[in-house]
Amino acid sequence: MMKVLLIDDEELSLEVMEIMLCKLNDIEIVGKYTNPIRALEDLEKVQVDVVFLDMEMPGMHGLEFAEEIVEKYSHIEVLFVTAYPQFALEAFEVNAIDYLLKPVSMKRLQKAIKKIEEKLTLYQSREELVDANTCKQDLYASFMSSFRLFDYQNDEVKWRTKKVKELFAYLWHNRNHPIHKSLVTEELWPDKQAEKATALLHTTIYQLRKALKEIGIEKPIILVNDHYKLAVPIKSDVLEIQEIIQSERLNVLEVQKVIELYSGEYMENEDFMWSIQYQQELKQEVFHYLQKFVVSSRRKNEHTELVGKSLEKMLELNPYDEATMYQLLKHYCEQNNTGKVKEVFQTIAHNLKEELGVSIPRNIVALNNNYFNRT
């Protein structure tokens with residue numbers, strides 16, 4: 001039996017919905033409330049699978065109330081009911097969240113119930129799979145170049161909307177401290193008025209909770225005093241890079257790992273304005289880490305091949321750095337690697353002459369000419 005609780009500030013609406021639901025098989029009404037606060041209190045005492053929630057209630061917006069339900073009782077599914085089609089289209093971003101439009105037809109109600117049954121079955125199967133096989137594992141996220149999240153089976157998570165994806169990335173980006181609602185709306189919806197941005201925030205938070213629930217994560221987001229915090233253990237490429245850099249380990253395996261993991265700049269393909277500052281900070285940290293390795297290895301005259309790869313990565317990170325250009329070209333001249341000397345000089349010429357319209361420094365031109373005159 002699917003256990004359903006009804007919340008609507010209109011008694012008549014509650015009665016109509018109860019009559020319609022009682023005509024369906026395997027539905028049990030476990031409570032009816034006109035007071036949402038009382039309903040929230042009583043949820044602790046009754047077993048509930050689904051809450052039918054009126055969107056427009058005095059003193060509390062349905063989206064905000066639903067967020068409280070899902071945060072405290074992550075196993076409960078919420079189905080919104082609204083009398084305003086324009087609200088459903090705007091605030092829900094064209095059916096992004098399940099809702100019923102008043103007056104509710106039996107056909108539409110049956111369709112909604114079937115969809116809920118499928119979701120509850122999915123949640124149950126995911127929970128069993130996580131408990132049986134992967135409960136001790138973490139999710140994995142890739143942030144270099146593009147943001148991608150992988151679930152416990154190493155399948156990439158599909159996001160309902162771009163904003164749901166961005167919200168997850170934003171909360172992870174600020175994982176070390178809770179973020180106030182107002183700051184989230186300013187960062188993610190800077191062009192929206194406050195009321196609209198708040199509605200979109202609640203919608204997106206709700207969607208995010210559901211998306212993570214579908215892959216077996218309960219209570220992924222903590223809300224305390226209007227501050228959000230992501231509560232999901234995640235391993236990631238950027239955390240691996242940070243750990244190596246902060247440890248200042250300069251052994252071959254660690255340097256190779258940094259070069260491999262830094263496949264592109266931090267979320268550079270996502271166009272998230274809030275990520276740019278850290279993107280630049282991380283790039284500089286990686287540059288200086290590789291620079292230390294190059295200096296140390298050249299002083300000891302070791303790891304020649306990896307020194308070349310490190311200098312190439314450094315030039316990729318800072319394509320207009322004259323010192324790096326010279327070191328890289330000199331390195332391959334010393335290795336008598338004619339192909340690489342030509343390649344590096346062409347890269348330098350492209351970066352300076354074609355992109356910036358400036359001349360190649362004399363010392364680099366002289367180094368290149370001396371090499372080919374000698375050979």
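Before moving on, here are some points about what is shown:
- Among the numbered conditions (1) of a type in the set (S, T, N, Q); (2) over 29 Å from E281 (Cα atoms); (3) in contact (Cβ under 8 Å) with a residue 60 or more places away in the chain; (4) surrounded by fewer than 19 Cβ atoms within 10 Å (Cβ to Cβ), the only one that Q207 does not meet is (4).
- Cross-chain or 6+ apart pairs with Cβ under 8 Å, the stretch 26-38 first and touching a residue at least 12 places away in the same chain (Cβ under 8 Å), then assigned to a strand (DSSP E or B) and open to solvent by 30 Å² or more (accessible area, probe 1.4 Å): E28/K3; V30/K3; P36/M60; I37/M60
- All positions within the stretch 30-68 that are β-branched (V, I, T) and over 17 Å from L100 (Cβ atoms): V30, T34, I37, V46, V48
- In the stretch 359-373, the residues that are over 16 Å from Q335 (Cα atoms) reach residues that are hydrophobic (A, V, I, L, M, F, W, C) and surrounded by 17 or more Cβ atoms within 10 Å (Cβ to Cβ) with C-beta atoms within less than 8 angstrom, at least six apart or across chains, in these pairs: S359/L352; I360/I348; I360/L352; P361/M325; I364/M325; I364/L329; I364/F345; I364/I348.
- Of the criteria (1) hydroxyl-bearing (S, T, Y); (2) loosely packed, with under 15 Cβ neighbours inside 10 Å; (3) in contact (Cβ under 8 Å) with a residue 24 or more places away in the chain, which one S247 fails: (3)
- Enumeration of residues in the stretch 141-193 that are more than 9 Å from the chain's Cα centre (by Cα), of a type in the set (A, V, I, L, M, F, W, C) and open to solvent by less than 40 Å² (accessible area, probe 1.4 Å): M144, F150, V157, I179, V184, L188, W189
- Complete set of residues in the stretch 234-266 that are acidic (D, E) and over 18 Å from the mean Cα position of the chain (by Cα): E243, E248, E254, E260
- Highlighted here are the strands (runs of 3 or more DSSP E) found entirely within the stretch 1-61 that include at least 1 residues which are touching a Lys or Arg at 6+ places or on another chain (Cβ under 7 Å): 2-7, 27-33.
- Test: I222 is closer than 21 Å to S146 by Cα, β-branched (V, I, T), surrounded by fewer than 17 Cβ atoms within 10 Å (Cβ to Cβ) and touching a Lys or Arg at 6+ places or on another chain (Cβ under 9 Å): no
- Looking across the stretch 1-46, the residues that are more than 37 Å from the chain's Cα centre (by Cα) and of a type in the set (D, E) come down to E10, E11, E15, E18, D26, E28.
- Being farther than 27 Å from I205 by Cβ and either open to solvent by less than 40 Å² (accessible area, probe 1.4 Å) or without any contact (Cβ under 8 Å) to a residue 60 or more places away in the chain (or both) is a property that holds for Q284.
- The stretch 23-55, residues that are open to solvent by 50 Å² or more (accessible area, probe 1.4 Å), out of contact with any strand residue (DSSP E or B) (no Cβ under 7 Å at 6 or more places or on another chain) and more than 16 Å from I116 (Cα to Cα): K23, T34, N35, I37, R38, E41, E44, K45
- Restricting attention to the stretch 1-22, the residues that are out of contact with any strand residue (DSSP E or B) (no Cβ under 6 Å at 6 or more places or on another chain), more than 20 Å from F65 (Cβ to Cβ) and surrounded by 15 or more Cβ atoms within 10 Å (Cβ to Cβ) total 2.
The values are calculated or read from the model by the stated rules, or taken from the named source; none is laboratory data. Fair warning: this is a prediction, and the values are worked out from it, not measured in the lab. Here the Cβ is made from the backbone with ideal geometry for all residues, glycine too, and neighbour counts use every protein chain on show. Side chains included, ligands, DNA and RNA excluded: accessible areas come from the protein's heavy atoms. Shrake-Rupley method; radii C 1.70, N 1.55, O 1.52, S 1.80 Å.
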